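Here's the structure, in structure tokens; my notes come after.
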Amino acid sequence: MNLFTLLSMVLGFTCVVISIATSGNLSDFFDLSSIFIVIGGVVCATCASFSRERMNSLLQALKIAFKKSKINLTDDIDKIVEIANVARRNGLLALEELTNEMDEPFLKKGIMLVVDGSDPELIRSIMETELSVIKQRHADNRFILDSMAAYAPAFGMIGTLIGLINMLTSLDDMSTLGPNMSVALITTFYGSMLANLVFNPLSKRLKAVGNLEYLRKELILEGIMAIQNGENPRVIREKLSAFLPNSQQQSRETPNTAEIKAGSH
Amino acid sequence: MNLFTLLSMVLGFTCVVISIATSGNLSDFFDLSSIFIVIGGVVCATCASFSRERMNSLLQALKIAFKKSKINLTDDIDKIVEIANVARRNGLLALEELTNEMDEPFLKKGIMLVVDGSDPELIRSIMETELSVIKQRHADNRFILDSMAAYAPAFGMIGTLIGLINMLTSLDDMSTLGPNMSVALITTFYGSMLANLVFNPLSKRLKAVGNLEYLRKELILEGIMAIQNGENPRVIREKLSAFLPNSQQQSRETPNTAEIKAGSH
Amino acid sequence: MNLFTLLSMVLGFTCVVISIATSGNLSDFFDLSSIFIVIGGVVCATCASFSRERMNSLLQALKIAFKKSKINLTDDIDKIVEIANVARRNGLLALEELTNEMDEPFLKKGIMLVVDGSDPELIRSIMETELSVIKQRHADNRFILDSMAAYAPAFGMIGTLIGLINMLTSLDDMSTLGPNMSVALITTFYGSMLANLVFNPLSKRLKAVGNLEYLRKELILEGIMAIQNGENPRVIREKLSAFLPNSQQQSRETPNTAEIKAGSH
Amino acid sequence: MNLFTLLSMVLGFTCVVISIATSGNLSDFFDLSSIFIVIGGVVCATCASFSRERMNSLLQALKIAFKKSKINLTDDIDKIVEIANVARRNGLLALEELTNEMDEPFLKKGIMLVVDGSDPELIRSIMETELSVIKQRHADNRFILDSMAAYAPAFGMIGTLIGLINMLTSLDDMSTLGPNMSVALITTFYGSMLANLVFNPLSKRLKAVGNLEYLRKELILEGIMAIQNGENPRVIREKLSAFLPNSQQQSRETPNTAEIKAGSH
Amino acid sequence: MNLFTLLSMVLGFTCVVISIATSGNLSDFFDLSSIFIVIGGVVCATCASFSRERMNSLLQALKIAFKKSKINLTDDIDKIVEIANVARRNGLLALEELTNEMDEPFLKKGIMLVVDGSDPELIRSIMETELSVIKQRHADNRFILDSMAAYAPAFGMIGTLIGLINMLTSLDDMSTLGPNMSVALITTFYGSMLANLVFNPLSKRLKAVGNLEYLRKELILEGIMAIQNGENPRVIREKLSAFLPNSQQQSRETPNTAEIKAGSH
């Protein structure tokens, strides 16, 4: 989630604006009171649905998601295998000084637990709890965006109903019927745009980011358990590369396979 | 769920009222018989769908949810670690006098079970049963609100159909067509408002409150099992802090990590 | 599910009738051929979707649900604890004469299995199979009602389409357009009413009844396993009271807690 | 799924035809080009969504479902108990000659595996794999019908859009507006009919048939495992009768209960 | 997914074109700016929802799905049994030279792991991780297509709203009302066509392809575990043929059943 996402949204709005500009009058599609009812309604309904802490957490998640550098699972595997090599050569305690260079807090925490000599069950239990708490928080964040994506067209329709009722009450002057109904439809238009170019894409984006992060953390968890277990670094690489798509898995027909065979016992 | 939720709802209605007032006549949007059919329909359909006990339980849940002081997991962890310290120093029986100060019934019950010297399996089984019963009751409560959120627009549409059929039956006087249809649409408007500014937000709110409460009770359960198991208070803190979001977890680079290492055996 | 449900439905229909009577002409809303297409369509589609045995089973479930006396979990716990006391005093074989007074077939069957001296695994397996078969049958029953709730508006719309097509084919006389369209809309009205005041409420009602029955049977299962295991009646009460909502759980600060402590070993 | 299903569908169509005939002109509802777009669209979209093998498999499933004789779980239990009796008297090898009379392939296969003296784990693994493959194939079949039930109204709407666009392009002659729009609506009518009187009922029917078949196969699996385990035929009947609804379970207050007690050890 | 899928789509579009050509003017249904808003909107919303890597992965999946030769589980079983025979005769190491002829990467990888002498737990863990990663990627791919199938009608409606608002703003000349509204409806028409003849079928197709591939990989996994376990090739065939539909399972009444019996120990 980076410039590409934002750019796509802007481009989407541009498409719509071009489409309006070539077929009609752009100013007909700008109506302050329509913006007021749609945005106001969505914001109020969302605030009524979620606590401030939850919404702050969503904002932070979005901020992080937009800033986050690419996740590269291959690099993570290299890193873990490197750690495993150090652990093999110099013992688990030697990993402590490595933790300073780690920027993934989950990896760092796991290695600290290994250095501390905690029980494997304790480490796994702590890290799995953290994983499931993270997963729940991601689901909560998406739930807010999904709710907004549902509120937006709903308040668009409420705005249109208000416009229609107003229009129908004073139906004397037939010449104003068209423009009035046109204004009424604008809120539905706004609601649809918000849902389909902002809230839905953001929710789907967060889902993808979350799934990838979750996969990464599972990989790290397996790696840490293997390191503590003192497994052969080659076996660890073998194990972890199962997390990669086929195309990224390294060719295995290397002279080293014999070494793996030996090391797995 | 507190003033913030209520305020947001009121603000949402205010937005709609302002929007109406600036574009038309507020009195056109007030129609007693429309209120009657929408509210009456929703209430009757809900009563037909759920037992009185279930609805009382929902009302109580809402009352509690609005009153409830903030849940602070960090405080809960501090409390449990404090209890663990007492247990370490003075034995499990010494916890009995602590229970008087506990205001979380789930924690209190668990500690009582520990004091009674019950088997760990029995404690876990009792507390997990209670957790799943609570979870089911929360789901049931949300189900009522979700049903009301579905009934509201449905009866809105039924009201509109009644209005339209009435209007179409006596189509002689075209001048009344507009106002009649306007009245017909008002029930749909009411139904949408109820669903999107009352029932849906309340349901989502209860869900968030429930998730947090559930997380808290899981934390307490893990804490109690660890206390009974006589685990080191530092290890317990380590274990339980996995329930916190990353940002709230305390820095671990303290001189005490060695102590954890020692204590985990 | 008792008079309260039926009354609510009747009241819901009354609301709609009052609403019609005050705003128009009740006779305009009664149209035999519209009733024919909606009811006929729903019945035929439902018969095509489910076997006669399945629908008979639903009817029986509804009959039972309406007759059923209130489920009181506290009474069930008292009963099970009483049985456990007899078993403690006079042995498991003494339970045989108690079974004559039991009106819950699931409890009776379980006790019979205990009296027969069956293996705990066999008892658990038999009772869990029965539970899951019951759960499946409940889900099947709800599925029929949910299907009817979906067919009703669908055939309402089909009826309206027929009306509209008829009306549009012979558009010569504009004076009949209104009444014709009004008749066309009546089927949609009927379909909505059936779905929202009959089928949906019944389905939700069966779900609630089923959930409660399921909880009760789980409670009984745990109780029977504990009785066979020869557990202390007080511990059994402790265990089973976890199935109750907090508000119904008895205060535990009684002088007997020491006894539980002793009994749990 | 037998004559009853077909008859219900035919009756449903008859209801609609009667409803049309009494309110308008049947010939107005027959439009070849509307049939062409709806049927053609649904068939093409379905073919694009599923492979020929999948659709053949659905057709076969429908054929079997319509032919299939009633499943009677009580008979299955009698059969299995009878087999268990033979196995007790004459040994597992004596079951081989019984397999010729078995018409349920799943039962036959299981008995063959028992006769072959396969490991219990192997038998369970093979039969559970087969069960889950069958379950998946049933789900796939229903998925095709559900897709068709979704495509039908979609192409109905596409046809209506084509009709409306045609009509609106040439709006000169207002007298043709009605009939043109009437023709436009016919595709929506066809789509709704197909979905609600053909595809949806068939899908629900397959689901029910599949659930019952699945329950039966689970019963057979449990029975075969018990036979191989050499369990007492009475205990087997006890175990398997848990699969029956309460009403069909035989009264247990027979003099033979003592025998069960003895046999379960 | 091959020519058959593409052909069906083309045929579906042809149906619609024929339907238009016989009822109106084809050129009325071609509108560049409508294509622009629908395609532009769908592409932008999709780009905003998913990363470029994800969309590349979908394109590759579609390319592979269209090229892929038929999956024939019977052939896979033959192959695995053949490998098992070689392993029995010449030992596990002899399998290395067979891997060159294997074109299924999953099978190849598994056999390599067996040749390497890895632990059974390691092999199962690696292959199950790979399976679940593949499953997740398939689900992700379908999620993109499902999102596009939802965006298409949404932007169709947005286009129609733009058209309606334009039309209603300048309602002076009633003679242009029809054509203008007709143009407005074209975007909805485009959106429906895209969803129902392109995105939905592709998504369903990928699902079927994925399910089959997943079943195949599960079969391979079971086969490899059995080979490593040194099981009798006949038992392996028995085990794996449970993955086939009943109709494809070979008749078991062969003289070889005795051999299986002997071999299973």
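The values are calculated or read from the model by the stated rules, or taken from the named source; none is laboratory data. What you are looking at is a predicted structure, and each value in this text was computed from that prediction instead of being measured. Methodologically, a virtual Cβ is constructed for each residue, glycine included, from the backbone with ideal geometry; neighbour enumeration extends over all protein chains shown. Areas reflect the complete protein model, heavy atoms only, side chains present, ligands, DNA and RNA absent. Shrake-Rupley method; radii C 1.70, N 1.55, O 1.52, S 1.80 Å.
Taking the Cα centre of the protein assembly as shown as origin and charging only Cβ (+1 Lys, Arg; -1 Asp, Glu), how large is the dipole, in debye to the nearest 20?
Values: 125 positive and 140 negative charges, 117 e Å.
Charge dipole of the protein assembly as shown: 560 debye, to the nearest 20.
With a 1.4 Å probe and all protein chains left in place, how much accessible area per residue does the protein assembly as shown have, in Å²?
Ligands and nucleic acids excluded, the figure is 43 Å² per residue.
Could I have the simple spin-label model distance between B:S175 and D:D172, label points 7 Å from Cα toward Cβ, reported in nm to one decimal?
The modelled label-to-label distance comes out at 3.8 nm.
When the helix-only estimate is applied to the protein assembly as shown (DSSP H runs of n ≥ 4, each -39,500 (n - 2.57), divided by the residue count), what is the mean residue ellipticity at 222 nm, nearest 500 deg cm²/dmol?
Numbers: 50 runs with 980 residues, N = 1325.
Calculated at 222 nm, the ellipticity per residue is -25500 deg cm²/dmol.
Calculate what fraction, in whole %, of the accessible area of segment E:87-161 sits on carbon and sulfur atoms when a 1.4 Å probe is rolled over the protein chains. Walk me through the numbers before you get to the answer.
Working: 1530 of 3000 Å².
Carbon and sulfur atoms account for 51 percent of the accessible area of segment E:87-161.
Every other copy gets compared here: list the nm distances from the A:T14 label point (7 Å along Cα to Cβ) to its counterparts, shortest first, one decimal.
Here A:T14 shows inter-copy label distances of 4.0, 4.0, 6.4, 6.4 nm.
Under a straight-distance cross-link criterion of Cα-Cα below 16 Å, which aspartates and glutamates are reachable from C:K204, leaving out those fewer than 8 residues away in the same chain?
Excluding near neighbours in sequence, the set is B:E53, B:D140, B:D146, C:D140, C:D146, C:E213.
Could you sort C:Y190, A:Y151 by their accessible area in this structure, using a 1.4 Å probe and putting the largest first? The partial results should precede the final answer.
Values: C:Y190 35, A:Y151 5 Å².
So, going from the largest accessible area down, we get C:Y190, A:Y151.
7 Å along Cα→Cβ for the label point: how many nanometres lie between A:E82 and each equivalent label in the other copies, listed shortest first?
4.5, 4.5, 7.3, 7.3
Anyone know which of D:A184, D:A94, D:A139 comes out most mobile in the 10 Å Cα GNM of chain D?
In the Gaussian network model the winner is D:A94.
Which one, B:S203, B:M127, D:S132, is farthest towards the positive end of the dipole of the protein assembly as shown when Lys and Arg carry +1 and Asp and Glu -1 on their Cβ?
Result: B:M127.
When chain B is modelled as a GNM with alpha-carbon springs shorter than 10 Å, which of B:E121, B:E101, B:E82 fluctuates the most?
The residue that fluctuates most here is B:E101.
Give, rounded to the nearest 20 debye, the magnitude of the charge dipole that chain D has about its Cα centre when Lys and Arg contribute +1 at Cβ and Asp and Glu contribute -1 at Cβ. Show your work: numbers first, answer last.
Values: 25 positive and 28 negative charges, 50 e Å.
Dipole of chain D, to the nearest 20 debye: 240 debye.
Of C:R54, A:R52, which has the most accessible area with a 1.4 Å probe, and how do the rest follow in descending order? Intermediate results must be reported in sequence, preceding the final value.
On the way: C:R54 35, A:R52 130 Å².
Greatest to least solvent exposure: A:R52, C:R54.
Mind telling me which of A:S192, A:S170, A:S147 comes out most flexible in a GNM of chain A, alpha-carbon contacts under 10 Å?
Ranking A:S192, A:S170, A:S147 by mean-square fluctuation puts A:S170 first.
In square angstrom and rounded to 100, what buried accessible area do you get between chains A and E, total over both, with the probe at 1.4 Å?
Values: alone 15630 and 15620 Å², together 26920 Å².
Its buried surface, counting both partners, is about 4300 Å².
Per-residue accessible area for C:D103 at 1.4 Å probe radius, Å² rounded to 10?
Number for this one is 140 Å².
Can you list the distances in nanometres, one decimal and ascending, from the D:N56 label point to the identical position in each other copy, with the point 7 Å along Cα to Cβ?
Going from nearest to farthest copy, the values are 3.9, 3.9, 6.3, 6.4 nm.
State the volume of the convex hull built on the alpha-carbon positions of segment B:32-252, expressed per residue in Å³ and rounded to an integer. Don't skip to the answer; put the middle values down first.
Working: hull volume 30.7 nm³, N = 221.
Taking only Cα atoms, segment B:32-252 has a hull volume of 139 Å³ per residue.
A 27 angstrom limit on the alpha carbon distance is what I want to check against. Which of E:K109/E:K135; D:K67/E:K207; A:K239/E:K135 exceed it?
Working: E:K109/E:K135 18 Å; D:K67/E:K207 30 Å; A:K239/E:K135 18 Å.
Those over the limit are D:K67/E:K207.
How far apart, in nanometres, would the label points at E:S27 and D:T22 be if each is projected 7 angstrom from Cα along the Cα-to-Cβ direction?
5.0
Quick one: Karplus J couplings for segment C:202-210, per residue in order, coefficients 6.51, -1.76, 1.60, θ = phi - 60°, nearest Hz, x for Gly and Pro?
Values, residue by residue: 4, 4, 5, 5, 4, 4, 5, 4, x Hz.
Using θ = phi - 60° and the Karplus form 6.51 cos²θ - 1.76 cosθ + 1.60, what ³J(HN,Hα) does each residue of segment C:124-135 get, whole Hz, x for Gly and Pro?
After applying 6.51 cos²θ - 1.76 cosθ + 1.60, I find 4, 4, 4, 6, 5, 4, 4, 4, 6, 5, 4, 4 Hz.
Direction-averaged shadow area of the convex hull around the Cα atoms of the protein assembly as shown, nm²? Each step should come with its number before you reach the end.
Numbers: hull surface 210.7 nm².
Seen from a random direction, the Cα hull of the protein assembly as shown projects 52.7 nm² on average.
Can you put D:K135, E:K109 in order of accessible area, largest first, using a 1.4 Å probe?
Output order, biggest surface exposure first: D:K135, E:K109.
Given a Förster distance of 22 angstrom, what is the FRET efficiency for C:K67 paired with C:Q136, based on the Cβ-Cβ distance and rounded to 0.05?
Details: r = 23 Å, r/R0 = 1.03.
It comes out at approximately 0.45.
What FRET efficiency do you get for D:D75 and C:L59 if R0 is 25 Å and r is their Cβ-Cβ distance, rounded to the nearest 0.05?
Values: r = 25 Å, r/R0 = 0.98.
Once the sixth-power term is evaluated, E becomes 0.55.
Can you tell me the FRET efficiency between B:L93 and A:E128 if r is taken as the Cβ-Cβ distance and R0 is 25 Å, rounded to the nearest 0.05? Please list the in-between numbers first.
Working: r = 33 Å, r/R0 = 1.32.
With R0 = 25 Å, the Cβ-Cβ based efficiency is 0.15.
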